1. Take each of the peptides 253-261, 53-61, average the number of other beta-carbon atoms within 10 Å over its residues, and list them starting from the highest.
2. With +1 on each Lys and Arg Cβ and -1 on each Asp and Glu Cβ, how big is the dipole of the stretch 28-97 about its Cα centre, in debye rounded to the nearest 20?
3. Which label belongs to the value computed from this structure, given these candidates for Kirkwood radius over Cα pairs in Å: (i) 19.6; (ii) 21.0; (iii) 22.2?
4. Please report, in debye to the nearest 20, how large the charge dipole of the chain is about its Cα centre when each Lys and Arg carries +1 at its beta carbon and each Asp and Glu carries -1 there.
5. Given the peptides 223-229, 279-285, arrange them by the average over their residues of other C-beta atoms within 10 Å, most packed first.
6. Which of the listed residues, 68, 160, 186, is farthest toward the dipole's positive end in the stretch 59-198, when Lys, Arg count +1 and Asp, Glu count -1 at the beta-carbon?
7. Please say if the stretch 112-205 is rounded, prolate or oblate, where rounded means a/c under 1.5 for a ≥ b ≥ c the square roots of the C-alpha gyration tensor eigenvalues, and otherwise the choice is prolate for a/b larger than b/c and oblate otherwise?
8. With the Cα gyration tensor of the stretch 173-305 giving a ≥ b ≥ c as the square roots of its eigenvalues, does the rule (a/c under 1.5 for rounded; else a/b larger than b/c for prolate; else oblate) give rounded, prolate or oblate?
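What follows is calculated from the coordinates using simple rules that are stated; it is not laboratory data. Values in this document were obtained by computation on a predicted structure and should not be read as measured data. Cβ sites come from the backbone with ideal geometry, for glycine too, and all protein chains shown count toward neighbours.
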Amino acid sequence: MSSSTITIIGQIISMFILIGIGYTLHKLGILNKTVSKSLSDILINLTIPIVIFLSFNKPYNNIDATNLLISFVFSIIAHLLFILTAQLLLKDPIDKNIVAIPNSGFMGIPLVSAIVGEYAIFYISAYMVVNSIVQWTYGYNTLSPHNKLSLKKLFLSPLIISILISLFVYFMNIQISSIVTTPLTYLGNMNTPLAMLVLGSFLASSNIKDHLDELKKNLPPILIRLILLPLICVLLGFFVGKDLDFLRRIILILSASPAAISVALFTEKAKLNSNRASVLICLSTLLSLFTIPIILEIAISFWSL
């Protein structure tokens with residue numbers, strides 16, 4: 001077993017403990033649906049954008065800029081693969097969203113940071129831009145084909161605004177004072193624990209038991225999201241040069257992440273079966289704690305050939 005796999009298992013155990021705390025707090029009535037929604041809003045609108053912004057607060061250099069562009073290209077290829085697979089193998093719009101939209105923010109950032117390092121967040125931003133665009137275009141149109149898409153909501157989202165500001169700061173080689181970055185770092189450090197508490201509360205509020213009798217119906221999109229697509233990414237990663245090993249690991253871990261919580265929110269807005277979407281997200285999240293280390297170990301072995 002590789003050191004990277006051991007590291008990710010340790011990180012996942014820590015995350016699982018935090019998820020368990022969130023689950024318990026929800027059952028005790030402390031972390032109820034209202035509080036969980038507020039924490040989720042803080043994550044999406046504050047801590048994740050701050051984490052992204054801080055990753056760009058470094059001197060500009062051509063190598064990093066080139067690798068960022070390559071990360072963006074890899075991210076586009078990965079999401080096109082997700083969409084194509086969803087269209088070819090699935091019919092249900094909820095299932096298609098489960099497959100096409102991984103949870104790159106809540107799960108991806110802490111896992112990639114643990115395996116590759118904090119510097120990897122700089123490259124994750126490219127993936128999250130593509131992820132957001134797919135969510136607001138393909139995801140939105142799949143669930144609500146008759147509703148008009150609001151591109152304004154996409155481009156005015158805190159995440160996209162944060163990335164645009166970050167790109168400007170980075171390419172203009174502007175160094176932000178520690179007076180500003182220190183409090184932002186404190187806020188950014190809340191990302192992983194808050195995300196796991198929210199996931200735990202989300203798991204506790206979903207009626208998983210009610211859908212276990214329909215496991216055969218619910219399993220295909222989960223298996224595609226957690227096993228088939230990551231394995232295809234492993235195969236494609238074999239053709240990437242070893243000098244870009246850190247990038248293919250980043251893309252793989254993000255692509256092996258479970259379905260995004262936002263799928264349930266979009267499903268609810270579309271007045272579809274949001275409870276089923278919640279169950280699929282919860283099951284994919286729980287199973288990902290086992291599948292991600294296995295996928296990573298397969299990748300490391302395969303890429304070393």
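1. Working: 253-261: 27.1, 53-61: 17.0.
Top of the packing list down: 253-261, 53-61.
2. On the way: 5 positive and 4 negative charges, 26 e Å.
In debye, rounded to 20, the stretch 28-97 gives about 120.
3. Comparing each candidate, only (i) matches the computed number.
4. On the way: 19 positive and 12 negative charges, 138 e Å.
Its charge dipole is roughly 660 debye.
5. Numbers: 223-229: 20.6, 279-285: 25.3.
Averaged packing, sorted descending, gives the order 279-285, 223-229.
6. Going by the charge dipole, the pick is 160.
7. Values: a/c = 2.14, a/b = 1.32, b/c = 1.63.
It comes out oblate by the Cα gyration axes.
8. On the way: a/c = 2.41, a/b = 1.15, b/c = 2.10.
Here the stretch 173-305 falls in the oblate category.
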